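A short write-up of the structure that comes next.
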Amino acid sequence: MNAIAPGDQLWLSVRREAETVLASDPGFSGSLSAAILDHPDLGSAVAHQIGQRLGKGAADRQQFSRVAREVFRAAPDLIDAVSRDLQGIAIHDPATTGLLPPLLNFKGYVALQAWRVSNWLWRQDRTDLALMLQSLSSDSLQVSIHPSASIGTSVFLDHATGIIVGAFVTIGDEVTIMQSVTIGRKPENPDRAPRIGKGVLLSSGATILGDVHIGDFAKVGAGAVVTSDVPGGCTALGIPARLINCPEEVSR
């Protein structure tokens, strides 16, 4: 897969993958049916994953799945984001050979979709439920994204453990965030949060703090601490971060 497909076409591809797996390994039938084949569309399947991952008991799992389904029905544009995130993994992750493995197994994908639900709830002034979903995601998936953040599509939380995205952070399309990344505000300037541009790579352990802008297609190296702007196309490395490999027009 090398191009973004419509959501209904994507769902047919997911079902075909599930049926192929089931044909080769019938022992997988119960879990595949519950996760994929019993659902009418992608939104329902993703809602099921959210409930399964966040719920601590059967009643909780059913409740959170129901909430997610209600949100997806109320906001069909979220299904486009759900679809683009899944396809973005298949396109950009060389270790991924299909759509089914990230949908079933990548906790970063589920955490991001749980955030999409919580963000919609936050914008509807259902803040208590939104914050509860954030807390449960942090506990169960080790990914904490504040419901007030803004995140684009085709975003990939790779490995995902330890990712923290604070309030009011803005993240663009096609961003890849590795494990143990922190993006947040500074205490002395709580009204200003980082803004992450399109196509940015945030490597493992990177920290981005304060009123900073990471330009389109920039890279932040592993363990770097960024407290000032990174122009588009540049790479930021070290503590504090220094810029290398900038485009000529930036370097001048």
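So here's what we get for this one:
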read-out: Top-ranked residue of region 100-152 - restricted to ones that are under 22 Å from residue 190 (Cα atoms) and of a type in the set (Phe, Trp, Tyr), ranked as least open to solvent (accessible area, probe 1.4 Å); value: 115
read-out: Criterion (more than 15 Å from residue 115 (Cβ to Cβ), open to solvent by 50 Å² or more (accessible area, probe 1.4 Å) and among the β-branched types (Val, Ile, Thr)) met by exactly one of 36, 91; value: 91
read-out: Candidates 130, 68, 74, filtered to the one that is touching a Pro at 6+ places or on another chain (Cβ under 9 Å), among the small types (Gly, Ala, Ser), at pLDDT 95 or above and over 23 Å from residue 21 (Cα atoms); value: 130
read-out: Where residue 109 falls short, out of the listed (1) under 19 Å from the mean Cα position of the chain (by Cα); (2) over 14 Å from residue 137 (Cα atoms); (3) touching a residue at least 24 places away in the same chain (Cβ under 8 Å); value: (2)
read-out: Helices (runs of 4 or more DSSP H) wholly inside region 32-128 containing at least 2 residues that are of a type in the set (Asp, Glu); value: 58-74, 77-92
read-out: Condition met for residue 229 (under 25 Å from residue 147 (Cα atoms), of a type in the set (Asp, Glu) and either at pLDDT 95 or above or surrounded by 13 or more Cβ atoms within 10 Å (Cβ to Cβ) (or both)); value: yes
read-out: Every residue from region 194-215 that is among the β-branched types (Val, Ile, Thr), in contact (Cβ under 8 Å) with a residue 24 or more places away in the chain and either part of a loop (DSSP other than H, G, I, E, B) or in contact with a helix residue (DSSP H, G or I) (Cβ under 6 Å, 6 or more places away or on another chain) (or both); value: 200
read-out: Residue selected from region 166-193 under the condition touching a Phe, Trp or Tyr at 6+ places or on another chain (Cβ under 8 Å) and not in a loop (DSSP other than H, G, I, E, B), by the criterion surrounded by the fewest Cβ atoms within 10 Å (Cβ to Cβ); value: 176
read-out: Residue within region 57-64 that is among the acidic types (Asp, Glu), over 20 Å from the mean Cα position of the chain (by Cα) and closer than 25 Å to residue 128 by Cα present; value: yes
read-out: Residue in region 1-33 that is farthest from residue 80 (Cα to Cα), counting only those that are open to solvent by 60 Å² or more (accessible area, probe 1.4 Å) and among the acidic types (Asp, Glu); value: 25
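The values are calculated or read from the model by the stated rules, or taken from the named source; none is laboratory data. For clarity, every value in this text was computed on a predicted model and none was experimentally measured. Neighbour counts are summed over all protein chains in view; Cβ atoms, including those assigned to glycine, are modelled from backbone coordinates with ideal geometry. The area values use the complete protein model at the heavy-atom level, side chains included, leaving out ligands, DNA and RNA. Shrake-Rupley method; radii C 1.70, N 1.55, O 1.52, S 1.80 Å.
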